Amino acid sequence: MPESLVAVIDAFPYLLQGSLVTLAVVAGALSFGLLVGAPLAIGQVYGGALIRRSVGLYVWFFRGIPLLVFLFLFYFGLCTALGINLSAFTVAIIVLGLISSAYQSQIIRGAIQSLPEGQLKAARALGMSDIKAIVNIIIPQALRLSIPGFSNEYSILLKDSAVTYALGVAEIMARAHFVATRTYHHFPLYFAAGLIFMILTWLGVKVLRLLEDRVRIPGYSHN
Amino acid sequence: MTSPILRIENLSKKYGQREVLKGVSLEVEKGDLKILIGPSGAGKSTFLHCINFLVKPDEGHVWLDNEEIHPARKRELYAYRQKVGMIFQDFNLFDHLTAFENVRIGLVKVKGIGKDAAGARAAQELERVGLKEHMQKYPSQLSGGQKQRVSIARALAMDPEVMLLDEPTSALDPELIGEVHAVIRDLGKSGMTMIMATHQIGFASSLASEIIFMEDGRILEQGTPSKIFNDPDNSRTREFCSKITDLYGER
Ligand SMILES: Nc1ncnc2c1ncn2[C@@H]1O[C@H](COP(=O)(O)OP(=O)(O)O)[C@@H](O)[C@H]1O
Ligand SMILES: [Mg+2]
């Protein structure tokens, strides 16, 4: 057996552990992004001029700043300046989550705006407050329509998460790099890392497709 | 003298420079079925939407049971809307909920009734409109006539004092109109107070307590069906009625 293959096989469990870290970062960032992104979307669609403008600014800012710059700014800059002690892992989730919230807000906003106007009208006609109508009628429909967008967002986050290696988060890329610099089998190790990323992308998209099917409503078109 | 259950005074609405409602007033007694007729663009929908403030009127006042409604007071507005059921031309059922859930959601989320009691009431209302077997279907699985009957059940579940119906059958295939008319007829018999815009003058003349002819944001003439359809004072009314009779036939 070629030496390089042995090196990869030896390192594989170690890399796979890294994929758990990667998945945790991505899942954390996706959830955080949804939690922040959904209210942003609601604010942008239903809010007054000031709220709409603020959300626009927020989205512009977090879509514009390069991930690596933001990671360093937050981890080495902000955390040090404010004297808060956050782990690289936590910072990775927060930073990726903030950026993702900007993108997710636009996915959800598009979904809300694609709903017929009559949905909100009918809810109001029953005596629902706008908040009740948004929570019970608008959001459940908008989130369903957003799943294909979330799936896209997942694959982007997954790939972006490799950059957090620069903070020392022990994800796939950091581990591949660690082993490669010690064994000098760069090619097979980075190849294996790339392969794991692709498998995770495929898996995640599959899981979201299953979720989409689970919450599918007859006659409601997502595609 | 009985006082009107619903009193509408001087409702006005502008879209930009365009005056769509020009001071419309109406008094509705308990049990009345007022039918709004008039050409497309006359302002019928705007009028109905202004009555429950789904469209905010620029001017005017509304009283229900002698109490003036102040739409800026949110709590008052939400309580008022529960008492005024609204039926839309294109149904506006909640697409992500079954027929049953569509009827139940207002009871649970607005009236705060427990799910079981609300569910029992929802089933009862769906049975009343003849849809007991279709309770678990989603809107996309229902015909237009069935959707409109669900929307009527949804409104009725809130125990409204008045119902506003905006051309409830005009989005329906002709063969489905009858089933919705039958439900509305039963409602009328049970004493429900209604204001309804429609072009179905055959149906209107057999049931209406009053026909109201609107054009260009105003009420031009109002009176009993026989007066409006057979012997209107206003030449515009006569013209419209003969046109609509040609179109929709006497039934
Ligand atoms: N949201 C709106 N913005 C601008 N104009 C509107 C709007 N809604 C209705 N209108 C206009 O108001 C007029 C009356 O409309 P509507 O009340 O729908 O009449 P009807 O129901 O009698 O056909 C029409 O000329 C219509 O184009
Ligand atoms: Mg209309």
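The values are calculated or read from the model by the stated rules, or taken from the named source; none is laboratory data. Since we're looking at a predicted model, the values are computed, not measured. All Cβ positions, glycine included, derive from the backbone under ideal geometry; neighbour counts span all protein chains shown. Each accessible area value is taken on the protein alone, full model and side chains, heavy atoms only, with ligands, DNA and RNA left out. Shrake-Rupley method; radii C 1.70, N 1.55, O 1.52, S 1.80 Å.
A few notes on this one:
- Here A:Leu211, A:Leu157 are screened, and the one residue that is surrounded by 18 or more Cβ atoms within 10 Å (Cβ to Cβ), hydrophobic (A, V, I, L, M, F, W, C) and in a helix (DSSP H, G or I) is A:Leu157.
- The single residue among A:Phe70, A:Phe76 that is at pLDDT 95 or above and not acidic (Asp, Glu) turns out to be A:Phe70.
- Failed item in (1) outside any strand (DSSP E or B); (2) closer than 28 Å to B:Asp65 by Cβ; (3) within 16 Å of ligand 2 (Cβ to nearest atom); (4) of a type in the set (A, V, I, L, M), with B:Ala171 passing the rest: (2)
- Unmet requirement for A:Ile138, which otherwise passes all of (1) in a loop (DSSP other than H, G, I, E, B); (2) within 14 Å of chain B (Cβ to nearest Cβ): (1)
- Selection within the range A:12-69 - in a loop (DSSP other than H, G, I, E, B) and of a type in the set (A, V, I, L, M, F, W, C): A:Ile65
- Entirely in the range B:181-251, the helices (runs of 4 or more DSSP H) that have 3 or more residues that are out of contact with any Phe, Trp or Tyr (no Cβ under 9 Å at 6 or more places or on another chain) and within 24 Å of B:Thr46 (Cβ to Cβ): B:235-248
- Answer residue from the range B:188-209, given it is buried (at least 21 other Cβ atoms within 10 Å of the Cβ) and more than 16 Å from ligand 1 (Cβ to nearest atom) and is nearest to the chain's Cα centre (by Cα) among those: B:Met194
- In the range B:13-27, the residues that are touching a residue at least 60 places away in the same chain (Cβ under 8 Å) and in contact with a Lys or Arg (Cβ under 6 Å, 6 or more places away or on another chain): B:Val20, B:Leu21, B:Lys22
- Inside the range B:153-168, residues that are among the hydrophobic types (A, V, I, L, M, F, W, C) and within 15 Å of ligand 2 (Cβ to nearest atom) make up a count of 2.
- Of the residues making up the range A:105-119, not a single one is more than 14 Å from chain B (Cβ to nearest Cβ), outside any helix (DSSP H, G or I) and more than 19 Å from the chain's Cα centre (by Cα).
- Tabulated pairs, the range B:156-168, first farther than 24 Å from B:Val108 by Cα, second within 16 Å of ligand 2 (Cβ to nearest atom) and aromatic (Phe, Trp, Tyr), C-beta under 6 angstrom, 6+ apart or interchain: B:Asp166/B:Phe88
- Checked against (1) within 16 Å of ligand 1 (Cβ to nearest atom); (2) touching an Asp or Glu at 6+ places or on another chain (Cβ under 8 Å), B:His70 meets all criteria but (1).
- Residue that is touching a strand residue (DSSP E or B) at 6+ places or on another chain (Cβ under 7 Å) and open to solvent by 40 Å² or more (accessible area, probe 1.4 Å), where the choices are B:Glu175, B:Glu161: B:Glu161
- Selection within the range B:129-153: residues that are in contact (Cβ under 8 Å) with a residue 40 or more places away in the chain and away from chain A (no Cβ under 14 Å). The member of this set that is farthest from B:Leu164 (Cα to Cα) is B:Gly130.
- Being within 15 Å of ligand 2 (Cβ to nearest atom) and more than 30 Å from B:Lys147 (Cα to Cα) is not true of B:Val20.
Conditions tested, residue by residue: (1) hydrophobic (A, V, I, L, M, F, W, C); (2) open to solvent by 70 Å² or more (accessible area, probe 1.4 Å); (3) at negative phi.
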residue	(1), (2), (3)
A:Val21	yes, no, yes
A:Gly33	no, no, yes
A:Arg63	no, yes, yes
A:Leu86	yes, no, yes
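Here is a yes/no grid of residues against (1) touching a strand residue (DSSP E or B) at 6+ places or on another chain (Cβ under 6 Å); (2) among the charged types (D, E, K, R); (3) surrounded by 18 or more Cβ atoms within 10 Å (Cβ to Cβ):
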position	(1), (2), (3)
A:Ala81	no, no, no
A:Ile99	no, no, yes
A:Gly110	no, no, no
A:Glu117	no, yes, no
A:Arg124	no, yes, yes
A:Met128	no, no, yes
A:Ala142	no, no, yes
